[in-house]
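Report on the structure given below.
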Amino acid sequence: LSDRLTSTFKNLRTKGRLSEADIDATVREIRRALLDADVAVPVVRSFTGAVRERALSAEVSAALNPAQQIVKIVNEELVAILGGDTRTLNMAKNPPTVILLAGLQGAGKTTLAGKLALHLKSQGHTPLLVAADLQRPNAVTQLQVVGERAGVPVFAPHPGNQGSDDVLPFGADPVGVARAGLETAHQRQHDVLIVDTAGRLGVDADLMQQASDIRDAVSPDEILFVIDAMIGQDAVTTAQAFADGVGFTGVVLSKLDGDARGGAALSVASVTGRPIMYASTGEKLTDFEVFHPDRMASRILDMGDVLTLIEQAEKNFDAEQTEKMAGKLAAGEDFTLEDFLEQMNQLKKMGSMKKMFGMLPGMGQMREALDNFDERDVDRIEAIIRSMTPAERRNPKIINGSRRSRIAAGSGTTPTDINQLLQRFEGAQKMMKQMAKGGGMPGMPPGMG
Ligand code: GDP
Ligand code: MG
């Protein structure tokens, strides 16, 4: 998927404004890319339709940079389908909150049960796990192991221990186990009950019946449908079968640590309209995250495409200017207040890209730097420098108390502002000197953050 989108966006970048033909060509590429990622066909159709419509509207034709606008539109549409803002668990007014897990065998339900239990425990909840998968004796043992690791009790029937009060014989039916588990949670005041259920390799009527019988016995507050992110085109039929057979309130994507590109996420969310709430990202108990639609959208868009945007930002940071500065410094000339002002203006240009950076993965640092940078700073700095005499600009060391007051009055600032600016400038100057010595030019101008 990533390669495709990368080349699509690369094509866009070399062009100026977008024509309808451009947009159609792009939309075709996006369609192909999504199909490659195993997003279901109807989902791809509605998705590309929405992107095309938005791209054709004034939004893009008025934009400075069409490629960025398309990235933004694709990203926003992805986030919208993936569930917009992250939803939290629906907690019962009268505990325990009952969470039922459903999904095919091997989807990752039992593993998730432990992860979710640990997650809730760390939030101060007191979960109880219930082993209502009696398909194989191993399933019960597996949940017990997981529970032990998470430090969360497990309610389970046990083949070799039929006497104890909270332990049902192994032959008991899963519905009975679930019901008894709920009673135990009440008695022992667990505020959350997580019910693990059996799965089959494929969807079948017995499985659906059992899951819905358990559902009726425990009246869950949440039914989480666990689905393997690598499932591909089958995601839609499987999700639809569970939606019709048992119903679910949220989705958990498992095995997102593999090379699943998110196709299943898009399909399931789009076809069932249910939000993806959690992601399982490995075999360890801590490989678990609250699902963030925006991050998944970035993952689908992939870093490669996003690099395009960064290149744009670098272009904004006037290359000519940079070269001139490099030459000056290499020739042993000083970095002056005027140079400093010019750099601040470059930063200001980049500041207008801040929103765009907001959606990019791995741009945290750059974003932070820009967040700390106030555009009004530049205007103030400009006013101060303009109020200095040429001699003061060349050699700020001569700025004494009376000069400071004069500059402050002239620029509508305070002497403290002048001191701050001079301090920042000194820092920048030092940095430029070091860089001139090292021979390299900065990727970012000094004085940030
Ligand atoms: P269940 O049949 O739905 O209960 O699925 P399990 O929880 O037993 O998981 C099936 C297999 O997938 C096990 O070997 C798990 O260790 C593995 N598994 C579950 N979740 C993940 C995950 O997020 N990443 C990886 N890599 N493996 C997982
Ligand atoms: Mg299981």
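Derivation of every value follows stated rules applied to the coordinates shown; laboratory data play no part. Owing to the predicted nature of the structure, the values given are computational and were not obtained by experimental measurement. Don't worry about glycine lacking a Cβ; one is built from the backbone with ideal geometry, like all the others, and counts go over all protein chains shown.
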Exposure proxy ranking, count of Cβ atoms within 10 Å, fewest first, for VAL271, VAL195:
VAL271, VAL195
Net charge around THR413, counting only other residues with Cβ within less than 13 Å of its Cβ (Lys, Arg = +1; Asp, Glu = -1)?
+1
Residues whose modelled amide H sits under 5 Å from the amide H of LEU128, counting only those 5 or more places away in sequence or on another chain, are VAL192, LEU193, ILE194
Solvent-free Debye scattering, log10 I(q)/I(0), computed from the Cα coordinates of the range 97-291 at q = 0.11, 0.13 Å⁻¹
-0.44, -0.61
Just order 382-395, 231-244 by mean Cβ neighbour count inside 10 Å, highest at the front, would you?
231-244, 382-395
Starting with the fewest neighbours, write out HIS292, HIS190 ranked by other beta-carbon atoms found within 10 Å of each beta-carbon.
HIS292, HIS190
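Sum up the charges of everything whose Cβ sits under 12 Å from the Cβ of GLN233, counting Lys and Arg as +1 and Asp and Glu as -1, but leave GLN233 out.
Result for the local shell: -3.
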Give me ASP191, ASP228, ASP24 sorted ascending by neighbouring Cβ count inside 10 Å, so fewest comes first.
ASP24, ASP191, ASP228
Go through 91-99, 246-254 and give me the packing order, highest mean Cβ count within 10 Å leading.
246-254, 91-99
Once you have a ≥ b ≥ c as the square roots of the Cα gyration tensor eigenvalues for the range 86-154, tell me rounded if a/c is under 1.5, and otherwise prolate or oblate according to whether a/b is larger than b/c.
prolate
